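Report on one structure; see the data block that follows.
The values are calculated or read from the model by the stated rules, or taken from the named source; none is laboratory data. In this text, all values refer to a predicted model and were calculated from it rather than measured experimentally. So basically every Cβ, Gly included, is an ideal-geometry build from the backbone, and we count neighbours across all protein chains shown.
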Amino acid sequence: MREVFSRWDALSRNTAFVSCAAMVAALVVWGGLLALGAAAPAFAQGGRLTNPLDGKASDIPSFLRLVLSVVIALAFPAIVLFIVYAGFRYLVASAQGQPDKVKEINKTLLWAVVGALLILGSWALVKAIGATVCQVAPRVPGCS
């Protein structure tokens with residue numbers, strides 16, 4: 001048991017782990033509150049379930065586009081914050097003459113850019129697949 005606590009103590013001193021754990025916890029709580037807020041109108045109408053998207057997503061492709069737009073809207077501000085944070089840390093570490101910290105910060109910046117490229121790539125892939133499907137089968141729901 002003592003070994004578990006010593007590992008937790010070492011992890012809790014790692015600021016990257018603590019900030020990542022705090023972000024995950026905040027996202028889980030925010031997602032739960034969002035789900036409760038989305039379910040409330042269904043219970044307010046006498047137990048009848050209604051479409052909470054109000055016709056914005058009546059088929060699978062439009063639902064996936066809606067989900068992807070929400071993911072992009074949430075991810076890009078976080079990526080911008082990570083890049084600004086890494087830039088600030090880079091300035092401080094280089095001013096203090098800490099080359100080992102600068103290498104670590106370069107990795108943080110690299111992974112923030114990789115995350116942005118992955119999100120943009122997923123958006124481009126969805127657009128390309130949607131355009132191809134609409135060219136091949138124009139009668140598919142969502143192609144108009």
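If you go through the range 95-119, how many residues are in contact with a helix residue (DSSP H, G or I) (Cβ under 7 Å, 6 or more places away or on another chain) and of a type in the set (D, E, K, R)? Don't jump to the end; show me each part of the working.
So the first thing to find is which residues in the range 95-119 are in contact with a helix residue (DSSP H, G or I) (Cβ under 7 Å, 6 or more places away or on another chain), and the list is 101-102, 105, 108-109, 112, 115-116, 119.
Filter once more, keeping what is of a type in the set (D, E, K, R): 101.
The qualifying residues number 1.
Among the residues in the range 107-124, are any loosely packed, with under 13 Cβ neighbours inside 10 Å, within 30 Å of CYS143 (Cα to Cα), touching a Gly at 6+ places or on another chain (Cβ under 7 Å) and assigned by TED's automatic domain parsing to the domain that holds CYS143?
So far as the range 107-124 goes, no, none of its residues is loosely packed, with under 13 Cβ neighbours inside 10 Å, within 30 Å of CYS143 (Cα to Cα), touching a Gly at 6+ places or on another chain (Cβ under 7 Å) and assigned by TED's automatic domain parsing to the domain that holds CYS143.
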